[in-house]
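The block underneath contains the structure these notes are about, expressed in C-alpha cells.
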Amino acid sequence: MPAFYLTLVAVLLAGIGARDQMTIAGLTSRQGRRPGVLLVALLSTVLTGAAAAFAARFMLIELPPPARAIFGAFALGTAGIESMVFVARRSPKEPTNSLGALLIVLLAQQITDAARFILFGLGVALAAPGMAGAAGVAGGSVLVAFAWARPELLQTPAARWTRRGVGVALTLAAIVLLLRQFGIV
C-alpha cells in the first residue's frame, strides 16, 4: 500500500501545470465544459497509466533488486528535469472540436510527462507496478478533471512556478536517493 500512496502524492504534485492539463484547460476555456473532452482526457489517462505500469512490470522482471532503487532515482530525476524544462504552452490558438485529435495529442503529451515517469520509476523501485499504476491513473484522473472543472486556476503564473518548484524537489530527491544507494550519504 505504500507504493499506492507515494505514487499518488508524487503524481498529483508532478502533474500540476503539466502539458496535458494546460491543453484541457485551454480547450475548456474556449469551448466550455464539454463532457466529451473530460471523457477523452480520462481515457488517455487510463491508457498511458496502464502503459507505464506495464513497462514498470517488464523492467521489474529484468532488473535485480539493487538496481531497482537506482532506476527509480533516475526516473524521478527525469521527471524533475521534465517539470523544470518543458513549459506548457498557454492554450491552443485554434482549438479543434475533434475528440479523436484531442486523444492523440493527450496521449503524446502524457506518455512523456513527469507523472508517467514517476509512475514508471516508483513501480519499479517499490516492486509494485500494479499499485503504482492504479495510483497513477487515479492521480492523473484527478488532475485532468481539475483542469476541466477549473481551467482559470491553471492559467496563472503560480501554476507554472509550482510546477518548476516540484521539478526542483523531484530532482533533489533523485540525487539524494542515488547518493544513498551508493552509500555516499
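General remarks:
- Candidates per chymotrypsin sites (Phe, Trp or Tyr not before Pro) in region 111-185, loop by DSSP, up to 15 other Cβ within 10 Å: 182
- Selection from 22, 52, 5 lying farthest towards where the dipole of the chain points positive, charges on Cβ: 22
- Mean-position separation - Cα centroids, region 3-70 and region 149-168, in angstrom: 17
- Region 26-115: trypsin sites (Lys or Arg not before Pro) in DSSP coil with no more than 14 other Cβ atoms inside 10 Å: 33, 89, 90, 93
- Cα gyration tensor shape of the chain, rounded if a/c is under 1.5, else prolate or oblate by comparing a/b with b/c: prolate
- Computed about its Cα centre, the charge dipole of region 1-158 is approximately 320 debye, with only Lys, Arg, Asp and Glu carrying charge at their Cβ.
- Spacing of the modelled spin labels on residue 162 and residue 141, each 7 Å from Cα toward Cβ, amounts to 2.1 nm.
- Peptide ranges 15-21, 80-86 listed from the most packed, as the mean C-beta count within 10 angstrom indicates: 15-21, 80-86
Computed from the coordinates by the stated procedures, all read-outs in this text should not be read as laboratory data. Computed from a prediction, not measured in an experiment: that's the story for all the values here. Neighbour counts run over all protein chains shown; Cβ positions are idealised from the backbone, glycine included.
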